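Before any comments, here is the structure.
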Amino acid sequence: MTYGYQPFVLTTSPPGLELTNGVVACCVNSRLTGRRLVSLPFSDHCEPLVDNLEQLRCIWEALRAEWKRNGWKYIEIRPVDTDLSGLPGLTKSESFWLHRLDMQPALEDLFRRFHKDCVRRKIRRAEREGLSYEEGRSEPILEKFYGLLVLTRRRQLTLPPPLAWFRNLVACMGDLLKIRLASKNGEPLAGILTLSYKTTLVYKYGCSDSVFNRLGGNQLLFWKAVQEAKLSGFRELDMGRSDWGALGLIRFKNHWGAAPSVLTYWRYGTLTAALPGFGRNTQIVRRVLRRLPLGFLARAGTLLYKHAA
């Protein structure tokens with residue numbers, strides 16, 4: 001809806017009957033980065049919904065036929081647990097760390113497992129500082145969150161998703177989506193966006209004003225999310241993927257006691273696809289992003305972010 005990419009499902013279920021398996025994918029049509037099939041764009045992972053290897057092979061052959069018929073650059077599949085090494089032509093393309101926190105221990109036991117200095121003391125610091133906490137999906141809360149997100153993306157020298165993306169997420173996900181904000185004297189300092197799915201709470205986006213990170217706003221928000229997940233009966237907190245080189249983010253997730261595992265993406269066809277200017281000219285792009293006013297950075301994200309699916 002936000003980017004105009006067409007989603008579809010391939011399944012072995014007969015027409016007119018209830019779906020019992022499937023692989024969900026989107027056809028990404030980009031003049032900058034080419035046409036490809038991704039399962040799924042802007043998702044950390046998307047598991048093939050199959051019961052056995054025979055179903056997976058059947059769907060895979062149909063995907064390859066679609067690839068050939070449509071002239072896509074490549075097919076990309078992003079599984080967590082399914083081994084795709086037996087499917088002909090698929091090659092490992094990228095790997096990340098995926099952190100997941102087991103929510104089954106008692107809340108007190110979870111708290112004791114958090115890093116003493118980097119998590120527990122930060123939570124207490126946030127409480128002493130009198131940081132206020134709010135949650136919801138309203139437009140004012142979303143706008144505060146998005147302002148912090150754009151600020152964070154400039155610090156990270158990456159483009160932000162467009163505001164329309166988050167508005168559509170709120171509209172589509174409803175009460176399965178929640179934005180949490182920590183503020184000091186009415187000024188938002190940190191925010192996270194979580195999604196609920198069955199027995200899993202998913203941490204999808206996080207942002208902060210780094211000037212105030214010492215106050216523990218990020219830790220307070222994650223602690224609130226952990227408490228709610230435990231109260232709601234979730235079995236797992238999915239803390240998302242991290243690039244190999246994102247050492248600060250990896251340490252942050254490790255400090256919560258989340259278990260790291262390797263998340264591997266698989267491709268069929270061309271192995272590379274990047275926005276023009278993000279290869280040899282990476283340093284030039286970084287210098288531009290560092291100096292770009294926040295409003296212009298948000299507009300650049302609106303124009304270009306969809307091409308990086």
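Scanning segment 57-77 finds one or more residues that are within 16 Å of CYS26 (Cβ to Cβ) and basic (Lys, Arg).
When VAL150 is tested against (1) hydrophobic (A, V, I, L, M, F, W, C); (2) farther than 25 Å from LEU294 by Cβ; (3) touching a Pro at 6+ places or on another chain (Cβ under 7 Å), only condition (2) is not met. Of the set (1) assigned to a strand (DSSP E or B); (2) not assigned by TED's automatic domain parsing to the domain that holds MET173; (3) not hydrophobic (A, V, I, L, M, F, W, C), all apply to GLU54 but (1). What number of residues within segment 206-254 satisfy the criterion of being over 17 Å from the mean Cα position of the chain (by Cα), over 21 Å from ARG121 (Cβ atoms) and crowded, with 21+ Cβ neighbours inside 10 Å? Selection size over segment 206-254: 2.
Just to check your reading of the model, which residue among SER208, SER183 is assigned by TED's automatic domain parsing to the domain that holds VAL150, within 14 Å of PHE145 (Cβ to Cβ), of a type in the set (Gly, Ala, Ser) and free of Cβ contacts under 8 Å to residues at least 60 places away in the same chain?
On the way: SER208 fails: free of Cβ contacts under 8 Å to residues at least 60 places away in the same chain.
Among SER208, SER183, only SER183 is assigned by TED's automatic domain parsing to the domain that holds VAL150, within 14 Å of PHE145 (Cβ to Cβ), of a type in the set (Gly, Ala, Ser) and free of Cβ contacts under 8 Å to residues at least 60 places away in the same chain.
Give me the residue from segment 20-39 that is assigned to a loop (DSSP other than H, G, I, E, B) and at pLDDT 90 or above and, out of that set, surrounded by the fewest Cβ atoms within 10 Å (Cβ to Cβ). Give the steps one after another, and end with the answer.
Our first condition is that a residue be assigned to a loop (DSSP other than H, G, I, E, B); within segment 20-39, this holds for 20-21, 31-33.
Filter once more, so that each one left must be at pLDDT 90 or above: 20-21.
Details: THR20: 13, ASN21: 18.
Only one residue fits best here, namely THR20.
Show the residue pairs that are 6+ apart or on different chains and have beta-carbon atoms under 7 Å apart, the first residue being within segment 59-87 and closer than 23 Å to SER261 by Cα, the second being among the basic types (Lys, Arg) and surrounded by 18 or more Cβ atoms within 10 Å (Cβ to Cβ). Qualifying pairs under 7 Å: GLU76/ARG36; GLU76/ARG267.
Before we move on, is HIS99 touching a strand residue (DSSP E or B) at 6+ places or on another chain (Cβ under 7 Å) and assigned to a loop (DSSP other than H, G, I, E, B)? First the steps, then the outcome.
Working: touching a strand residue (DSSP E or B) at 6+ places or on another chain (Cβ under 7 Å): yes; assigned to a loop (DSSP other than H, G, I, E, B): no.
The answer is no for HIS99.
Among the residues making up segment 1-19, those that are assigned to a loop (DSSP other than H, G, I, E, B) and of a type in the set (A, V, I, L, M, F, W, C) are MET1, LEU17, LEU19. Output the number of residues of segment 101-142 satisfying the condition of being within 19 Å of the chain's Cα centre (by Cα) and more than 16 Å from ALA182 (Cβ to Cβ). Counting residues in segment 101-142 that are within 19 Å of the chain's Cα centre (by Cα) and more than 16 Å from ALA182 (Cβ to Cβ) gives 3. State whether the residues of segment 140-147 include one that is surrounded by 14 or more Cβ atoms within 10 Å (Cβ to Cβ), among the small types (Gly, Ala, Ser) and either out of contact with any Pro (no Cβ under 8 Å at 6 or more places or on another chain) or more than 19 Å from ALA190 (Cβ to Cβ) (or both). Taking every residue of segment 140-147 in turn, none turns out to be surrounded by 14 or more Cβ atoms within 10 Å (Cβ to Cβ), among the small types (Gly, Ala, Ser) and either out of contact with any Pro (no Cβ under 8 Å at 6 or more places or on another chain) or more than 19 Å from ALA190 (Cβ to Cβ) (or both). Residue under question is ARG155, and the condition is that it be in a helix (DSSP H, G or I), at pLDDT below 95 and closer than 20 Å to GLY248 by Cβ; does it hold? Judged against the criteria, ARG155 is a match.
The values are calculated or read from the model by the stated rules, or taken from the named source; none is laboratory data. None of these values were measured; they are calculated from a predicted model. Positions of Cβ are generated from backbone atoms using ideal geometry, with glycine treated the same way; all protein chains shown enter the neighbour counts.
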